[in-house]
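Visitor: Supplied in C-alpha cells, the structure appears directly below.
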Amino acid sequence: MESMNLVKGYGKINLSEDPASSLSTRRAAHKRRLTIALILTLFLTLLICALVGAFIHASNSKDRTPSVSSNSADSLKAVCAVTQHPESCFDSISSLQSSPPKPDPEQFLNLSLQATIRELNNVSSLPKTLISKVNDPGTVSALKDCVSLFDDALSQLNQSAELLKVGPGEKALTEKKVKDMQTWISASMTDQDTCLEGLDEMGSPLVGEVKARVQNAKEYMSNTLAILSNMPSLLQKFGITLH
C-alpha cells in the first residue's frame, strides 16, 4: 500500500510551491534574455560601424594615392614611357641629375631639352672636321650645308630652352610657348634630316658616319618633343594642376 501511494505521488502537483516566487523567477530570466539581446545588438552595431569606417578609409586612401610613384626613377620612367625611345630618354635625363629632382614632368622636359642641346653641341663640329679630310666637291658642299643646318638647329633648341626660364609667379608653359617649342624642335629635327639627305644625294661615303654620330641627338629631340606634346596628360597623371 505504501509503494502504490508513492507511485501515485509522482503525478501530483506540488501545491505548496509559491506562485509569486515562480513569477519572479520567470521575470528575472526574461530580463536576462533582454539584456543579452541588447548587448549582442550593440556589439553587432559597433562591428558594422567599424567595418563601414574601414571601407570608407580604404576608399579615401585609394583616391589620394597618386597614379605615379614619388620615387624619382619611377617618375622619370613614367614620363619617358610616352616617347618612342624610352631607354635613351631615361639615360639622357638621368645623366644630368646631380640629385633626385622633384617628380615634375616640366622639370623632366627641361632636362631632356638640356641633354639634347649638349648632344647636338658634341656633334656640331663633325661636319667641319670631315671637310678637311675629303676632296670630293659634292661631299664638301653637303658638309658645309650641314654646318649651317646644325647651327640653325642649335639656335632653335636654345630658343626653346629660354622659354622654360621663368621668374617667380610666371607660367612655365603656356599654350603659345608649347606651340613655339614644338615648331622649333621639329625644325631642328628637320635640319638634321636635311643634312643627311644632302650627303646621301651626293653619294658621299660619309653619310653612314654622320648618321651614326647624330643618332643620339635625333632621338633626344624626338623624346623632348614627345614629352612636350604629352605634357597636359602627364601633369594630370602626376596630380599637378595645369597652368
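Visitor: Which members of segment 132-152 meet the condition of being farther than 18 Å from MET189 by Cα and open to solvent by less than 40 Å² (accessible area, probe 1.4 Å)?
Guide: VAL134, GLY138, THR139, VAL140
Visitor: Scan segment 153-172 and give yes if some residue there is touching a residue at least 24 places away in the same chain (Cβ under 8 Å), open to solvent by 60 Å² or more (accessible area, probe 1.4 Å) and assigned to a helix (DSSP H, G or I), otherwise no.
Guide: yes
Visitor: So THR183 ticks every box in (1) open to solvent by 60 Å² or more (accessible area, probe 1.4 Å); (2) under 28 Å from ASN135 (Cα atoms); (3) polar (S, T, N, Q) but one. Which box is left unticked?
Guide: Among (1) open to solvent by 60 Å² or more (accessible area, probe 1.4 Å); (2) under 28 Å from ASN135 (Cα atoms); (3) polar (S, T, N, Q), THR183 violates only (2).
Visitor: Another question, if that's okay. Given (1) open to solvent by 60 Å² or more (accessible area, probe 1.4 Å); (2) within 16 Å of ASN110 (Cα to Cα); (3) of a type in the set (Lys, Arg); (4) in a helix (DSSP H, G or I), identify the lone condition not met by LYS177.
Guide: (1)
Visitor: Cβ contacts < 8 Å: first residue at pLDDT 95 or above, restricted to segment 182-194; second residue among the acidic types (Asp, Glu) and open to solvent by 30 Å² or more (accessible area, probe 1.4 Å), any location; separation 6+ or different chain. Result?
Guide: Filtered contacts from segment 182-194: ALA187/ASP152; SER188/ASP152; ASP191/ASP152; THR194/ASP145.
Visitor: Can I ask one more? Among the residues of segment 207-221, which ones are of a type outside the set (Gly, Ala, Ser) and surrounded by 22 or more Cβ atoms within 10 Å (Cβ to Cβ)?
Guide: The answer is VAL210, VAL214, TYR220, MET221.
Visitor: OK, next. If you go through segment 126-139 one residue at a time, how many are β-branched (Val, Ile, Thr) and farther than 12 Å from PRO205 by Cα?
Guide: Total satisfying the criteria: 2.
Visitor: Being modelled with pLDDT under 90, among the hydroxyl-bearing types (Ser, Thr, Tyr) and more than 9 Å from the chain's Cα centre (by Cα) is the filter here; which residues of segment 63-93 pass it?
Guide: THR65, SER72
The values are calculated or read from the model by the stated rules, or taken from the named source; none is laboratory data. Small disclaimer: the values here were computed from a predicted structure and weren't measured. Glycine also receives a Cβ, built like all others from the backbone with ideal geometry; neighbour counts cover every protein chain displayed. Ligands, DNA and RNA are stripped out before the accessible areas are found, and what is left, the full protein with its side chains, is counted by its heavy atoms. Shrake-Rupley method; radii C 1.70, N 1.55, O 1.52, S 1.80 Å.
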